[in-house]
Amino acid sequence: MKNLIIAAQLIVPISVAYVWVFRYEVIIKEFKEFGLSDLIRNFVGASKISLATLLIMGIWYPPLILIPSILMGLFMLAAQYFHLKIKNPFNKHLPSLIFLILCAFIALASMETI
C-alpha cells in the first residue's frame, strides 16, 4: 500500500508540472474557454505547482501530505465544474477526474482511513 501511495504522490505532481510547464498553451486556451482571467490562471498555476512540490516533499515528511492533497483535489473538482459548465466531452473531463480520485486516495491514505 505504501508503494501505491508514493506512486500517486509522484503521478499527480509530475503530471501537474508537465501540463503547466510543457503544455501551457493548452492551459491558456482552456482558461479562455472557461471565461477565467489571466490572474486566476496564474494563481491556479502557482498554487498547483506549490501543492505539487509539497506532495513530493510529503514522501519524506508525511505530515505535509493531507492539506496539499485536499487542496489539489479541490482544484480538480473545480476543473470538473468548469468542464461541465462549458459542456466539454467526457474525454476532456477524464484527466482531472483521475487526478481528483488520486488526490482523494492520497488524502484518505494519509489519514490512515484506507
Report summary line: Taking region 35-58 and the residues there that are under 17 Å from the mean Cα position of the chain (by Cα) and touching a residue at least 40 places away in the same chain (Cβ under 8 Å), the one that is surrounded by the fewest Cβ atoms within 10 Å (Cβ to Cβ) would be T53
**Report entry** Tally, over region 50-96, of residues that are over 21 Å from K29 (Cα atoms) and small (G, A, S)
**Finding:** 5
Requested in this report: Go through the residues of region 55-63 one by one and say whether even a single one is at pLDDT below 95, part of a helix (DSSP H, G or I) and not basic (K, R).
Outcome: yes
Report task. Kindly establish whether L51 is modelled with pLDDT of 95 or more, farther than 25 Å from K87 by Cβ and touching a helix residue (DSSP H, G or I) at 6+ places or on another chain (Cβ under 6 Å). Result -> yes
Query raised in the report: For region 70-86, does any single residue satisfy the condition of being among the polar types (S, T, N, Q), touching a Cys at 6+ places or on another chain (Cβ under 9 Å) and in a helix (DSSP H, G or I)?
Result: no
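The values are calculated or read from the model by the stated rules, or taken from the named source; none is laboratory data. Note that the structure is a prediction, hence the values are computed from the model and not measured. Here Cβ is always computed from backbone atoms with ideal geometry, including for glycine, and neighbour counts include all displayed protein chains.
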